[in-house]
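Some notes on the structure that comes next.
The values are calculated or read from the model by the stated rules, or taken from the named source; none is laboratory data. The model shown is predicted, which means the values in this text are computed figures rather than measured ones. With ideal geometry, Cβ positions are generated from the backbone for all residues, glycine too; neighbour counts draw on all protein chains shown.
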Amino acid sequence: MSVGRRGFLGLGAAGAATLLSGAPADAAPRLGKVLATGLEVPWGLAFLPNGDALVSERMSGRVWRVRKTGGRRLVGNIPTDAAGEGGLLGLAVHPQFARGKNWVYAYVTTATDNRIVRMRFARNRLGRRRVVLAGIPKGHTHNGGRLMFGPGGMLFASTGDAGDTSLSQDRSSLAGKILRMTPTGKVPKRNPYGNYTWTYGHRNVQGLVIDDKGRFWASEFGQNRLDELNRIVKGGNYGWPVVEGRGPGYRDPFVTWTTAECSPSGIATAKGWAYVAALRGRSLWAVKLNGARRGRKVRLFEGRLGRIRTVERAPDGSLWITTSNRDGRGTPGPHDDRVIRVRV
Ligand SMILES: [Ca+2]
C-alpha cells in the first residue's frame, strides 16, 4: 500500500504548486481505463513492484492479479468464513518484496476469529499460509480489515468493535483499534501501551493511509449519524462508543459526513488531497488536507459507478478504485464488479 510512496514526493510537490496556482483540483480527477470486470465483491488491493495489483474477493476468497495494462488471472484462494461483513478483506505487500521478502499479507475472517496471515508469492501463485496475528474478535458486522505497511516497515491493521461496543475503549482488546506489529506479528518496541494497540476508541475502521508529509489518516464508519476521517496520532482515543463525530475529551475527526452521503471504506492520498471510497454514498470523496481551505470536501463520480469499496494509489501515481455492487446492498451492472483507474 505504501510501496513506492517515496518515489512520488516530487509529484506531490508538483501537485501542491498546481493547487496554489488556483487550478480547479476538484475537476481534475477523471475516470480512466477499466482494468478488470466480472469480479465478485473485491475488497483488498495491494500493488506489486511492477505496478500490477493483487485484488481479493471478500466472499469467494479468491485472489486475482490485475495487470496495469488490464486483465486478470487467478493466483490463489484463501479459505474464509464470509458471513455478514466478514471474509477475505485487506491485502498488503511487504515493502521489500523485490528484495527477497516476497510476502503477501491478508486479513481474513475464519470460523472463530479475524486473523492476519502471510504467504510467499512466486511464479504467480500464493504459497502456504502462516499466521501473523490471530484472535482479533469477529462479528456479523464491524470486522475492520484494512492492512498497510508504514514507512518504518511496521504493519498496521484496522479492526472493528465486532458488535461489542465495550471492546473499543479496552486497550487490551484487539477489537475497535488500529494495531501496529512487526512483519512477523510481534509487538514493536515503541507501541504506546506495550501491546498491539496503536490507537483505540474506534467503531469500524476500513481505510488507512500515510500521506506524502508522513501524516497518518484513517476513515471510520459512524453508527447512524456521522462518518469520520481522522488524523491518527500514536496512543489516541477516538471516542467510540462515547461520542460519534466531535466530543470533549477525545480526538476529534478532521472532517465528518452523514452516514447516507458517505459510509467510507478505503482511502488514498495524492497531491494534497485524501480520496475516500464511499459505499452508501456511491461516490469517491476528495478532502483537501492542506492550506487555507483544508477540510473542503468534493464529491466525485456520484452515482456513476455504484458503491465504491477501495481506493489505492498505484506506483505510477494514478488511483485504482474497486466497486462493490454485488455485495447484496448494491445494484449490479453488467460489468460488476470492476477495477477502474482514476487519473489525478
Ligand atoms: Ca470518533
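Miscellaneous remarks
- Test: residue in segment 227-246 that is within 16 Å of the ligand (Cβ to nearest atom), among the aromatic types (Phe, Trp, Tyr) and touching a Leu at 6+ places or on another chain (Cβ under 8 Å): no
- Residue within segment 176-187 that is among the charged types (D, E, K, R), within 16 Å of the ligand (Cβ to nearest atom) and over 13 Å from Pro241 (Cβ atoms) present: yes
- Segment 83-134: number of residues that are more than 20 Å from the chain's Cα centre (by Cα), in a strand (DSSP E or B) and closer than 22 Å to Thr159 by Cβ: 2
For every residue, the table says whether it meets (1) surrounded by 22 or more Cβ atoms within 10 Å (Cβ to Cβ); (2) under 25 Å from Gly222 (Cβ atoms); (3) acidic (Asp, Glu); (4) in contact with a Gly (Cβ under 8 Å, 6 or more places away or on another chain).
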site: Ala106; (1), (2), (3), (4): yes, no, no, yes
site: Arg128; (1), (2), (3), (4): no, no, no, no
site: Ile136; (1), (2), (3), (4): yes, yes, no, yes
site: Asn143; (1), (2), (3), (4): yes, yes, no, yes
site: Arg146; (1), (2), (3), (4): yes, yes, no, yes
site: Pro151; (1), (2), (3), (4): no, no, no, yes
site: Phe156; (1), (2), (3), (4): yes, yes, no, yes
site: Met181; (1), (2), (3), (4): no, no, no, no
site: Gly194; (1), (2), (3), (4): no, no, no, no
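- Residues within segment 141-184 that are out of contact with any Lys or Arg (no Cβ under 9 Å at 6 or more places or on another chain) and of a type in the set (D, E, K, R), tallied: 3
- The residues of segment 216-255 that are under 13 Å from Ile267 (Cα atoms) and among the basic types (Lys, Arg) amount to a single one, Arg231.
- Considering segment 203-224, the residues that are within 11 Å of the ligand (Cβ to nearest atom) and not in a strand (DSSP E or B) include one that is surrounded by the fewest Cβ atoms within 10 Å (Cβ to Cβ), namely Gln223.
- Restricting attention to segment 247-267 and to residues that are among the β-branched types (Val, Ile, Thr) and not in a loop (DSSP other than H, G, I, E, B), the residue that is nearest to the ligand (Cβ to nearest atom) turns out to be Thr256.
- Residue check for Ala274: under 29 Å from Arg343 (Cβ atoms) and either within 8 Å of the ligand (Cβ to nearest atom) or touching a strand residue (DSSP E or B) at 6+ places or on another chain (Cβ under 8 Å) (or both): yes
- Number of the exception - Ile321 against (1) in a strand (DSSP E or B); (2) within 15 Å of the ligand (Cβ to nearest atom): (2)
- Number of the exception - Gly295 against (1) surrounded by fewer than 23 Cβ atoms within 10 Å (Cβ to Cβ); (2) part of a strand (DSSP E or B): (2)
- Residues in segment 230-246 that are out of contact with any Pro (no Cβ under 6 Å at 6 or more places or on another chain) and not in a loop (DSSP other than H, G, I, E, B) were compared, and the one that is farthest from Met148 (Cα to Cα) is Asn237.
- Number of positions in segment 291-308 that are of a type in the set (D, E, K, R) and more than 16 Å from Pro29 (Cα to Cα): 3
- Residues of segment 268-282 classified as of a type outside the set (Lys, Arg) and either in a loop (DSSP other than H, G, I, E, B) or modelled with pLDDT under 95 (or both), total: 3
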